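So the structure is just underneath, and the comments pick up after that.
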Amino acid sequence: MQTVTVNLGQRSYPIELGEGLLSRVGEMMKAQGIAGRVGIVSNPPVAGLYAEEVRESLQGAGYETSLVLIPEGEGHKNTASLGLIYDALVGRRFDRGATLIALGGGVIGDITGFAAATFLRGIGFVQIPTTLLAQVDASVGGKTAVNHEQGKNLIGAFHQPRLVVIDMKTLRTLPQREFAAGMAEVIKHGIIQDAGYFGFLEDGMDSLMRMDPAALETAVAGSCRIKAAVVEQDEREQDRRAILNFGHTIGHALESFTGYERFLHGEAVAIGMIQAAALSASRGVCGAAELGRIEALVRRAGLPWRIPDDIALADLVDGLELDKKSHAGKIKFVLCEGIGGTRFQWFSAAEIVRELASGL
Ligand code: NAD
Ligand code: GLY
């Protein structure tokens, strides 16, 4: 077991990471000084796999628990599901001393975090992420949100968890495609912040894709450390935290153009990272050799790596223009400075498309 700390002053918290930790959630919450009633929020498939073990651990530590289920999937990351959580909390008379546990992937983490941020103006929150993407990205850093029918994550709040518990065994039931999608964010962390970590991924990608336990734990811990370091520098994304959006500008445009149905988020980000590296290369910020290394690693993770032939770059303009980080018609684009560094540059959507079309 290892601990990665997210250092945010009074809002600091540990990420406990290892094999078999679900049965120790109760004692870990006690160690964090968490008291009061506990609501476990999950969806039916994940709850069927893991809720009982979490519940037993909590009851063993003396917590009074309830389970709140919401329907599975990104399509249910909305105010209707949020209403189900609020109804359960009101119906069961949860008070300000209560804590919500998110047991599931990023969808459950984001919606539960938002419920915890807003119920009674804020109650406690613990993350138990069960997808690779949620373990290395969504559960760390305190961004919480639900979708509006007009766009993703439009209703949200910053609300840091008090504890994150990552049980590596949960990855064994995750579908391979979801696992690979999480690997895109792992690779992103190496590109934006840590060339040594990227090298570790290059050496170990085959073991990682075979889910070798030691390699996987090292990768997840490494990724959490990188994300924690970025969040510690800029908790509310005034500036530097935006480097975590590397690959996401084009990734989001691809997701939006395909109606959020064709690509998993990590798959769209994988393609977006290669496009962003290509744009970086065309601006002379990243070398051709580094672009080649990024592309090779993405492909070894079994991720899509180029925009499919039936989608034209020009199709992405509308999606690019809707980028949440745009300002006065320009998008704050994250370029990679080789491997291990980043630089922001402002582009219009048309400039991005023109430059990529001429360079690829
Ligand atoms: P997800 O939560 O939809 O989970 C993917 C699928 O895997 C679901 O069907 C889920 O039921 C299932 N699942 C989860 N754990 C499982 C397990 N151990 N075994 C078997 N099946 C399991 O998807 P995700 O990729 O984890 O998260 C995506 C969401 O995260 C998006 O809504 C995105 O906006 C959000 N996100 C948030 C942040 C943040 O900083 N808050 C960062 C990245 C992504
Ligand atoms: N996933 C981007 C962030 O947490 O800032």
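Before moving on, here are some points about what is shown:
- Kirkwood's formula applied to the C-alpha pairs of the chain gives a hydrodynamic radius of 20.6 angstrom.
- Residue list for the stretch 21-47, given a label point 7 angstrom along the Cα-to-Cβ vector of Met1 and an amide N cut-off under 12 Å: 21-32
- Normalising by residue count, the stretch 11-65 has a Cα convex hull of 95 Å³ per residue.
- Convex hull of the stretch 180-282 built on C-alpha atoms - directionally averaged projected area, nm²: 7.3 nm²
- With contributions of -39500 (n - 2.57) from each DSSP H run of at least four residues, the per-residue ellipticity at 222 nm computed over the chain stands at -14500 deg cm²/dmol.
- Accessible area ranking (1.4 Å probe, heavy atoms, ligands and nucleic acids excluded), largest first, for Arg24, Arg210, Arg172, Arg241: Arg210, Arg172, Arg24, Arg241.
- Seen through its C-alpha gyration tensor, with square-root eigenvalues sorted a ≥ b ≥ c, the stretch 25-107 comes out oblate because a/c lies at 1.5 or above while a/b is not bigger than b/c.
- Accessible surface, 1.4 Å probe, highest first, among residues Trp305, Trp346: Trp346, Trp305
- Stokes-Einstein D in µm²/s, Kirkwood radius over Cα pairs - the stretch 296-360 at 25 °C with 0.890 mPa s viscosity: 182 µm²/s
- Taking the C-alpha atoms of the stretch 258-299, convex hull volume expressed per residue in Å³: 62 Å³
- Heavy atoms of Tyr63 accessible to a 1.4 Å probe, total area in Å² rounded to 10: 20 Å²
- Longest stretch of the chain clear of exposed loop sites (GluC sites (Glu not before Pro), DSSP loop, at most 15 other Cβ atoms within 10 Å, sites excluded): 150-260.
- The apolar share of the surface of the chain, taken as the fraction of accessible area on carbon and sulfur atoms (1.4 Å probe, ligands and nucleic acids excluded), comes to 49 percent.
- Isotropic mean projected area of the C-alpha convex hull, the stretch 241-360 (nm²): 6.8 nm²
- Distance between the stretch 46-92 and the stretch 168-234 - C-alpha centres, whole angstrom: 27 Å
- Residues of the stretch 147-234: accessible area per residue with a 1.4 Å probe, Å²: 38 Å²
The values are calculated or read from the model by the stated rules, or taken from the named source; none is laboratory data. Keep in mind the model is a prediction, meaning the values are calculated, not measured. Methodologically, a virtual Cβ is constructed for each residue, glycine included, from the backbone with ideal geometry; neighbour enumeration extends over all protein chains shown. Heads up: the accessible areas ignore ligands, DNA and RNA and are worked out on the full protein's heavy atoms, side chains in. Shrake-Rupley method; radii C 1.70, N 1.55, O 1.52, S 1.80 Å.
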